[in-house]
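The values are calculated or read from the model by the stated rules, or taken from the named source; none is laboratory data. Being a predicted model, the structure only gives us computed values, none of them experimental. Here the Cβ positions follow ideal geometry from the backbone for every residue, glycine too, while neighbour counts run over all protein chains shown. Each accessible area value is taken on the protein alone, full model and side chains, heavy atoms only, with ligands, DNA and RNA left out. Shrake-Rupley method; radii C 1.70, N 1.55, O 1.52, S 1.80 Å.
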Amino acid sequence: MIKEVEAKMAVMDQELAALGDAADAASQIRRSQLLRDKEELLQACRDCTPEDRVYLARHTGRPGTADFIQALFTDFFECKGDRLCREDPSILGGVALYHGLPVTVLGHRKGKNLEENMACNFGMPSPEGYRKAQRLMKQAEKFGRPIITFVDTPGAYPGLEAEAHGQGEAIASSLALMSALEVPVITVVIGEGGSGGALALAVANRVLMLENAVYSVLSPEGFASILWKDSSRAGEAAGIMKLTAADLHGLGVADEVIPEPLGGAHLEPESVYRAVDRAIHTHLVQLLKLRSPAAHRYQKFREMGLNARKEAL
């Protein structure tokens with residue numbers, strides 16, 4: 001449905017651009033009609049299917065980690081390299097100020113076009129990226145800085161070189177490290193949250209999700225290929241995987257769902273930045289009071305899905 005709505009809106013936008021600033025009565029009437037039609041189309045986006053949300057989570061215009069860092073933080077100083085092998089641009093991280101408080105911020109980085117996506121491997125980190133993240137998280141713990149992560153990846157890079165460099169070990173080490181960190185950790189799933197590649201940055205005291213973000217063990221295409229040997233049934237798979245923010249909030253995986261404007265975050269990014277800022281600030285104030293963030297994190301993950309299991313019994 002969302003694809004069809006976007007196609008129709010694109011045609012309307014072209015006509016509005018053609019009208020320009022024309023002041024004659026006919027142009028003004030047509031402009032008003034087009035704006036009303038666009039609003040009616042957007043109202044159809046209130047009841048998005050899981051397949052629609054997957055599409056929006058992957059939208060090329062969707063705000064990414066770099067956009068959120070620029071919008072929410074000041075004095076960001078990027079840190080590069082894992083100090084073992086090389087720099088992985090698919091993980092962006094560094095030190096910044098958040099409302100005057102020193103924090104470590106990091107997340108998956110995608111591009112806005114093909115060239116940028118190729119430069120950062122479409123947001124799929126190699127082991128070096130996760131080891132860079134670990135280096136920054138250890139540094140954050142040493143200096144008592146809260147950690148804020150942004151998740152937006154289809155998954156860790158599954159290539160031969162990545163496996164040869166220890167992809168599985170790098171992800172496992174990230175999970176172990178984040179589990180024991182004695183500083184507060186907040187994760188925001190802003191787009192795709194795919195498999196261990198996402199979880200490696202998401203063992204957090206608070207997991208927040210944008211309304212149209214998704215978080216799952218694998219992609220709907222992979223799910224359909226494994227279960228039905230037919231990747232074209234990805235839309236059907238998305239409907240049964242419980243990967244939407246609303247589903248995961250009900251299971252206790254996500255602590256808060258951050259609303260988006262109708263049609264997706266790419267249409268009104270500024271309002272999304274403000275909503276994410278409010279959510280992060282609210283949770284960070286609470287988490288800074290914790291005596292042991294690691295113990296809190298352990299309890300949170302032990303309780304995930306508890307209500308769903310009780311209902312099943």
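Taking 1.002 mPa s as the viscosity and 20 °C as the temperature, the Stokes-Einstein diffusion coefficient of segment 116-264 based on its alpha-carbon Kirkwood radius rounds to 133 µm²/s.
Between segment 71-110 and segment 140-206, the alpha-carbon centres lie 13 Å apart.
Could you tell me which of ALA66, VAL105, CYS79 has its Cα farthest along the dipole of segment 55-112 towards the positive end, charges placed at Cβ (Lys, Arg +1; Asp, Glu -1), taken about the Cα centre? Highest projection toward the positive end goes to ALA66. Net charge dipole, the chain: roughly 1200 debye, given to the nearest 20, about the Cα centre with Cβ charges of +1 for Lys and Arg and -1 for Asp and Glu.
Mind checking segment 60-167 for GluC sites (Glu not before Pro) that DSSP puts in a loop (not H, G, I, E or B) and that have at most 15 other Cβ atoms within 10 Å?
On the way: sites: GLU78, GLU87, GLU115, GLU116, GLU128, GLU141, GLU161, GLU163; in loops: GLU87.
Counting only loop positions with at most 15 other Cβ atoms within 10 Å, the GluC sites (Glu not before Pro) in segment 60-167 are GLU87.
Between the beta carbons of LEU227 and LEU97, assuming R0 = 45 Å, the FRET efficiency works out to 0.45 to the nearest 0.05. Only one residue of LEU136, SER292, VAL183 has its Cα farthest out toward the positive end of the dipole of the chain, where Lys and Arg carry +1 and Asp and Glu -1 on Cβ, and that residue is SER292.
Here the chain is described by how far its Cα atoms reach on the three principal axes: 66, 48, 41 Å, from widest to narrowest.
What accessible area per residue comes out for segment 150-252, rounded to a whole number of Å², with a 1.4 Å probe? Intermediate results must be reported in sequence, preceding the final value.
On the way: 3760 Å² over 103 residues.
Heavy-atom accessible area per residue stands at 36 Å².
Of all DSSP bridge pairs formed entirely within segment 141-245, close to 5 percent run antiparallel.
Give me the dipole magnitude in Debye, nearest 20, for segment 149-263 about the Cα centre, with unit charges on the beta carbon: positive for Lys and Arg, negative for Asp and Glu. Don't skip to the answer; put the middle values down first.
Details: 4 positive and 14 negative charges, 40 e Å.
The dipole of segment 149-263 has a size of about 200 debye.
Pairs of lysines in the chain whose Cα atoms sit within less than 22 Å of one another amount to 20, provided the residues are eight or more positions apart or on different chains.
Given a cut-off of under 8 Å on Cα pairs at least six residues apart, what relative contact order in percent is computed for the chain?
On the way: 562 pairs, mean separation 49.5, N = 313.
The value is 16 percent.
With N counted as the residues of segment 131-177, its alpha-carbon radius of gyration over 2.2 N^0.38 Å works out to 1.31.
Please give the net charge around GLU163, taking every other residue with its beta carbon less than 14 angstrom from that of GLU163, where Lys and Arg add +1 and Asp and Glu add -1. Before the final figure, lay out each step's value.
Numbers: positive: none; negative: GLU128, GLU161, GLU169.
Its environment carries a net charge of -3.
List the relative contact order of segment 100-253 as a percent without decimals, with contacts defined as Cα pairs under 8 Å and 6+ residues apart. Contact order relative to length: 20 percent. Only beta bridges with both residues in the chain are counted; by DSSP, about 40 percent of them are antiparallel. Only Cα sites of segment 61-176 enter the Debye sum here, all with the same form factor; the resulting log10 I(q)/I(0) across q = 0.13, 0.17, 0.22 1/Å is -0.47, -0.80, -1.27, listed in q order.
Segment 277-301 and segment 218-245 have Cα centres spaced 33 Å apart.
Mean Kyte-Doolittle of at least 0.0 and a Cα length of 18 Å or more along the axis: which whole DSSP H helices of the chain meet both?
On the way: long enough: 2-19 (25 Å, 0.34); 25-43 (27 Å, -0.88); 127-143 (24 Å, -1.52); 167-180 (20 Å, 0.81); 269-287 (27 Å, -0.11).
Span-like helices, by this rule, are 2-19, 167-180.
Ordered by 1.4 Å accessible area with all protein chains kept, ARG31, ARG274, ARG233 run largest first as ARG274, ARG233, ARG31. When every Cα-Cα distance of segment 99-163 is counted in 10 angstrom steps from zero, the calculated P(r) takes the values 20, 43, 28, 9, 0 percent.
Loop-only check: which chymotrypsin sites (Phe, Trp or Tyr not before Pro) in segment 220-298 are DSSP coil with at most 12 other Cβ within 10 angstrom? Provide the component values of the computation, followed by the final result.
On the way: sites: PHE223, TRP228, TYR273, TYR298; in loops: none.
For chymotrypsin sites (Phe, Trp or Tyr not before Pro) across segment 220-298 that sit outside H, G, I, E and B with at most 12 neighbouring Cβ atoms in 10 Å, the list is empty.
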